[in-house]
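One structure below.
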Amino acid sequence: MSPSETAPAPGKAEELEPGLRRVLAPNPSAMTLWGTNTYLLGRREIAVIDPGPDLPGHLAAILAACPPGARITHILVTHAHRDHSPLARALSRETGAPVHAFGPPEAGRSAVMQALAARGFAGGGEGVDHGFRPDITLAHGDRVTGADWELEALHTPGHMGNHLCFAWGDALFSGDHVMGWASSLVSPPDGDLSDYMASCTALRRRSWRVFHSGHGTAIEAPAERLDWLIAHRRAREASILAALAEGPATATELTHRLYTDVPAGLLPAAARNVFAHLVDLTEKNQARPGGALAFDQAFVRVASG
């Protein structure tokens with residue numbers, strides 16, 4: 001995404017391609033760019049993808065964006081972060097449409113993340129919608145259909161364990177898994193870097209025309225973006241291993257050493273990303289913590305061979 005691109009007007013429905021509209025929620029921030037993209041798919045039976053934050057004005061904008069004679073029949077949520085899922089319940093009450101998602105916020109967590117959460121380690125970043133519960137759960141490969149559209153649910157854990165992308169032919173609603181303006185935050189125990197890399201690799205095996213992401217503009221070169229994200233994470237892993245070769249360090253210490261050009265306000269999120277890498281390296285036996293796996297532990301590099 002070019003830095004010169006300007007934000008669309010919040011609350012105004014924009015047609016992105018035939019049968020697809022986008023309404024931007026008015027929740028800009030360092031974590032959401034201009035705000036959350038809410039998508040309306042279909043002409044008669046409308047699927048709303050990522051209703052967004054619980055804001056009355058955004059609810060009104062979504063309802064107003066429905067074409068004359070159309071009705072909202074499905075609500076789909078990519079993941080249970082507070083900038084994506086909370087409005088689903090109010091929208092369901094207004095329309096009678098059921099909410100579809102992979103599951104509640106804890107669904108899809110790997111065993112190592114379940115263990116971290118059990119020891120009281122909490123997530124960070126955009127904030128979890130702890131009360132989120134879908135009416136209908138979707139598994140990987142499940143299909144949801146309307147009068148003139150069909151979506152395939154793809155379980156893509158990484159940014160969050162319950163993250164789904166939705167394939168619409170050769171277009172993908174990629175949520176926060178793939179964005180054009182920034183790499184995704186992976187913040188344990190909700191996010192898992194091992195899962196994130198596996199999900200990117202799985203998406204890369206398919207041929208895509210465009211990604212419509214949770215924030216920012218459409219990604220017109222999806223394969224190149226996935227390649228960049230994978231390479232970016234591998235480069236970060238290499239820099240962490242190189243830093244650990246100089247001696248033990250905590251996630252916070254590594255963050256201050258490696259993220260020298262990041263604004264101070266974003267360093268806590270960067271430290272969560274570094275910890276995600278340290279957990280992944282521990283799972284691959286390339287690093288290990290000095291004690292129980294925890295954010296504040298000093299990690300050491302494991303000698304190869």
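In the assembled protein chains, R109 presents an accessible area of approximately 50 Å² (probe radius 1.4 Å).
Between helix 267-283 and the chain there is an angle of about 70 degrees, using the helix long axis and the longest principal axis of the Cα atoms. Positive end of the dipole of the chain (Cβ unit charges, origin at the Cα centre): among I230, L172, A218, the Cα lying farthest that way belongs to I230. Computed from the alpha carbon positions, the gyration tensor of the chain leads to an equivalent ellipsoid with semi-axes of 35, 19, 18 Å, biggest first. Given R0 = 25 Å, the distance between the Cβ atoms of A115 and N285 translates into a calculated FRET efficiency of 0.90. For T252, the accessible area of its heavy atoms, probed at 1.4 Å with every protein chain present, is near 60 square angstrom.
Calculated accessible area for region 219-305 comes out at 50 Å² per residue, all protein chains present (probe 1.4 Å; ligands, DNA, RNA ignored).
Amide H contacts of I46 (H built 1.01 Å from N, in plane; Pro and chain starts excluded): R71, I72, T73, H74 sit under 5 Å, all sequence-distant by 5 or more or on other chains.
For the pair E14 and E253, the difference between a 0.36 nm per residue extended length and the Cα-Cα distance amounts to 81.6 nm. Connecting C-alpha atoms closer than 10 Å in a GNM of the chain, tell me which of G108, G158, G127 has the biggest fluctuation. Per the Cα network of the chain with a 10 Å cutoff, G127 tops the list.
Rounded to 0.05, the FRET efficiency of the T201 and L63 pair, given R0 = 45 Å and the Cβ-Cβ distance, is 0.70.
Taking 0.36 nm per residue of sequence separation and subtracting the Cα-Cα distance, how much length would be gained by fully extending the chain between A30 and A221, in nm to one decimal? Don't jump to the answer; show the numbers that get you there.
Working: separation 191, 0.36 × 191 = 68.76 nm, distance 2.41 nm.
In short, 66.4 nm is gained.
Distance between the modelled labels on A303 and T137, one decimal in nanometres: 4.7 nm (7 Å Cα→Cβ projection). Working from the Cα coordinates of region 22-117, the gyration tensor eigenvalues give, after taking √(5λ), semi-axes of 26, 16, 10 Å in decreasing order.
Each residue of region 53-70 is assigned a 3J(HN,Hα), and the resulting list reads x, 7, 10, x, x, 6, 4, 4, 5, 5, 5, 5, 7, 5, x, x, x, 8 Hz, derived from the Karplus form 6.51 cos²θ - 1.76 cosθ + 1.60 (θ = phi - 60°), x at Gly and Pro.
Could you please report the charge total around A231, scoring K, R as +1 and D, E as -1 over all other residues with beta-carbon less than 12 angstrom from its beta-carbon? Write down the numbers at each step before the final one.
Numbers: positive: R204, R225, R233, R234, R236; negative: E224, D227, E237.
Neighbourhood net charge equals +2.
The values are calculated or read from the model by the stated rules, or taken from the named source; none is laboratory data. Bear in mind the structure is a predicted one, so any value in this text is a computation, not a measurement. Don't worry about glycine lacking a Cβ; one is built from the backbone with ideal geometry, like all the others, and counts go over all protein chains shown. When the accessible area is computed, the model is the full protein with side chains, heavy atoms only, and any ligands, DNA or RNA have been set aside. Shrake-Rupley method; radii C 1.70, N 1.55, O 1.52, S 1.80 Å.
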